[in-house]
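To start, the structure itself, in structure tokens.
The values are calculated or read from the model by the stated rules, or taken from the named source; none is laboratory data. Not measured: the values here are computed from a predicted model. Reconstructed Cβ throughout: ideal geometry from the backbone, glycine too, with neighbour counts over all protein chains shown. Surface accessibility is based on the protein's heavy atoms, side chains included, excluding ligands, DNA and RNA. Shrake-Rupley method; radii C 1.70, N 1.55, O 1.52, S 1.80 Å.
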Amino acid sequence: MQLNRTPSALTKTDRDNLNKNWDLIEEEVNRIGPARALAELAKISAEQAHSGLTAANKRIDTVASEAANIAYEQVVDASKLIWKEPVGAFSNLATAYPQPQIGWAAQTTSDGAVYRYDGYTWKKIQQVDAGPVNALDTRLTVQVENTGKEIYKSKERLRNNFTVASEKKIPVVTFLDDDSRTGVYTRLKEIFMSRGVPFSIAAITGRLNDAHHLTPEQMHELVDLLGCEIMGHTFTHPTGNNGLQEFMNDYSRLEYEIGNGCKDVLIAKGFDVDGFVYPQGGHSYDIREVTKKYYSYAFAGVGINDTDLMDSMAIKRIAFGFSAEFNPTINGNSEKNTLAYYKACVDYAVANNGWLVFMTHVNAHSLEEDVILGQLIDYIKSINVPVLTARDGYKIHGNRYFAGDVETNNYFIINKDNKVLNSESGLKITEIQFNSKTLADPIDSYEKGSITFMRVTNAHASANGFPSGVGGYLVTYKMHESNSLYNRQEYWPLTNPDTYTRHLNGSNNTWSEFFVTINSRNIAGFNPTKKARLAVPAITVPPNSTADITVPLAGITATNTQINVSPSWGLDPGLLSDALIMANDQATIRVLNITSTEKTVTARNWVFTYMT
């Protein structure tokens, strides 16, 4: 607004100019209407009347400028738009945006209306044809979901590939925060960012965007900024002491809590998800089976992962702060929520080449515990131990192959060190250095509960009296510690189809001579193989012992019959079976139990294969 200047001596022209100034000011005040502008102008009038016009002119300029600024701010506030994600209908605005700010704008996809929040209420400001917009949104949503599904399928195909890249096994520390609370962003972010290390976040998908939990945008920022990992932590986070176990009889609910409502939601929001954390640490066979369907690894239990057997569906953690009283004593440290204790855990993991996972609950931590957390990370970095996400920690320490269920003692695992672990029997299938043993080595030189393969060269076979004098494979079965009947060796020559077998002499536990296993090629005038399927009652086998049951089988003799037997369906882990002929026309099934608990083979059909 341009004003005329007036001298201190008032002439007619001066008075005319002054009147014009007041007309201009009145016009501006009428436009913006702030009461304080009128009050200032009243003061200016008094100053002009009593003290001359020089100071008044300056005051007029100031008031006019302030009035213009006020008008500009009001115009900006009245017109600015801060676009938010669309909602389904007008009624959804209050729940989607419970604390809106002036200028927030969102479209309702049901009718295409656009609403703006003016500081008091949501007002409709525009109407858009929702048809084309919704159609485009649907096409893009489907395309994104399909792309995510294809990426997920590709990952699953890779996850099921038996060719596994090798990473050297080294001590590793992981920090994993449960529940995705806002404190992750307001507290943990600075602690970890200032030290340049990542951590993992277990997210409750049903609480995204509420006032107490992370938003997807904040989670993406942590992934992009720090390399954090997002993991599943169910849809609702059941609060009972047993967590998900309250849904054990509702498989569809388990599927939703663990998979459809959790992992699928996170994938749809653009996160790469491989791991899961059980709420309250509670899990059961059904829960683990559903978890295994969606995730490569999951966390439950307390401790440090430093043994051959790692349960991929229940990887152990050490509680930091919250629940630290449940931690084990480590290296004599029983004061479990101290920096000294946590450092002792790190030292133990380093000494035992283990994977140490710290479980945090940031919103349950005190500020003092935040300080200890920072000091702990500083210590870990000072001794050059990597701090990795759970995903990267599992790449280094996780199993190469995992099938079955550890807690129910029914599993088959190839661990990171390529050791084969099979159920409670601990059966190991290994291949040792070629030519590293001779036929003189006793059974005690082999590992208990193992099947051991050794490649034999021609020179080694010839020099050490192996059957047929040619190279092949020596296979040693040490299935039982004390019962020699179940320990034996086989030799498979490379140049002929014969298999040579020898067993242990029960009296002195020494090896017998090798004999050629009977087959149709090396029996003169052999009779065709016969089979018989017989119903056999239940067989109860004491721990670390055997049990026999005899059934009639016409035509077999104790002197010239070769016989084998197998159940119509599999035996429980830790049980082995064989067939014996104690008398003519009778077959005996012998079952060996190599576990420490009594086992019962339920009544079933057994198939006998024999030649007479």
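Starting from the Cα-Cα distance between residue 534 and residue 102, subtract it from 0.36 nm times their residue separation and give me the gain in nm to one decimal. Mind showing how you got there, number by number?
Working: separation 432, 0.36 × 432 = 155.52 nm, distance 8.28 nm.
Difference between extended and current length: 147.2 nm.
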**Request:** Would you please give the residues with an amide H less than 5 Å from that of residue 410, counting only those at least 5 places away or on a separate chain, with H modeled from the backbone geometry?
**Result:** 405
**Prompt:** For region 245-254, what does the Karplus curve 6.51 cos²θ - 1.76 cosθ + 1.60, with θ = phi - 60°, yield as ³J(HN,Hα) per residue in whole Hz, taken in order and with x for Gly and Pro?
**Reply:** 5, 5, 10, 4, 9, 10, 4, 5, 5, 4
**Prompt:** Taking amide H positions as placed 1.01 Å from N in the peptide plane, with prolines and chain starts having none, which residues 5 or more places from residue 536, or on another chain, fall under 5 Å of its amide H?
**Reply:** 604, 605, 606
**Message:** With the crude spin-label approximation of a point 7 Å out along Cα→Cβ, what separation in nm comes out for residue 462 versus residue 121?
**Reply:** 10.3 nm
**Request:** Please give the solvent-accessible surface of residue 338 in Å², to the nearest 10, using a probe radius of 1.4 Å with every protein chain present.
**Result:** 50 Å²
**Prompt:** Taking θ as phi - 60°, what are the ³J(HN,Hα) couplings along region 277-285 by the Karplus curve (6.51, -1.76, 1.60), each to the nearest whole Hz, with x for Gly and Pro?
**Reply:** 10, 6, x, 6, x, x, 7, 9, 4
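Rounding to the nearest 20 debye, state how big the charge dipole of region 222-328 is about its Cα centre with +1 on each Lys and Arg Cβ and -1 on each Asp and Glu Cβ. The partial results should precede the final answer.
On the way: 8 positive and 15 negative charges, 18 e Å.
In debye, rounded to 20, region 222-328 gives about 80.
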**Residue pairs, from the table 416/478; 189/263; 428/478; 169/395, whose Cα atoms sit over 18 Å apart** = 416/478; 189/263
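What does the highest-first list of 391-400, 346-355 look like by mean Cβ count within 10 Å? Write out the running numbers ahead of the final one.
Values: 391-400: 20.5, 346-355: 18.7.
Result, highest mean first: 391-400, 346-355.
If packing is taken as the mean number of other Cβ atoms within 10 Å per residue, what is the order of 489-497, 596-604, highest first?
Descending packing order for the listed peptides: 489-497, 596-604.
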**Message:** Tell me the carbon and sulfur percent of the accessible area for region 266-309, rounded to whole percent, probe radius 1.4 Å.
**Reply:** 46 percent
**Request:** May I ask for the distance between the Cα centers of region 408-476 and region 338-374, given as a whole number of Å?
**Result:** 42 Å
**Fill in**
For residue 113, the residues 5 or more places away or on another chain with a placed amide H closer than 5 Å to its own amide H are 108, 128
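By per-residue mean of other Cβ atoms within 10 Å, what is the highest-first order of 247-254, 214-221, 172-179?
Values: 247-254: 14.9, 214-221: 17.5, 172-179: 25.6.
Sorting 247-254, 214-221, 172-179 by mean packing, highest first, produces 172-179, 214-221, 247-254.
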**Prompt:** Across region 177-194, in residue order, what do the Karplus-derived ³J(HN,Hα) couplings come to in whole Hz, using 6.51 cos²θ - 1.76 cosθ + 1.60 with θ = phi - 60° and x for Gly and Pro?
**Reply:** 9, 8, 5, 6, 6, 4, x, 4, 7, 8, 10, 5, 3, 5, 4, 7, 5, 5
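From largest accessible area down, sort 199, 322; use a 1.4 Å probe on the protein chains.
Values: 199 0, 322 100 Å².
The ranking, largest first, comes out as 322, 199.
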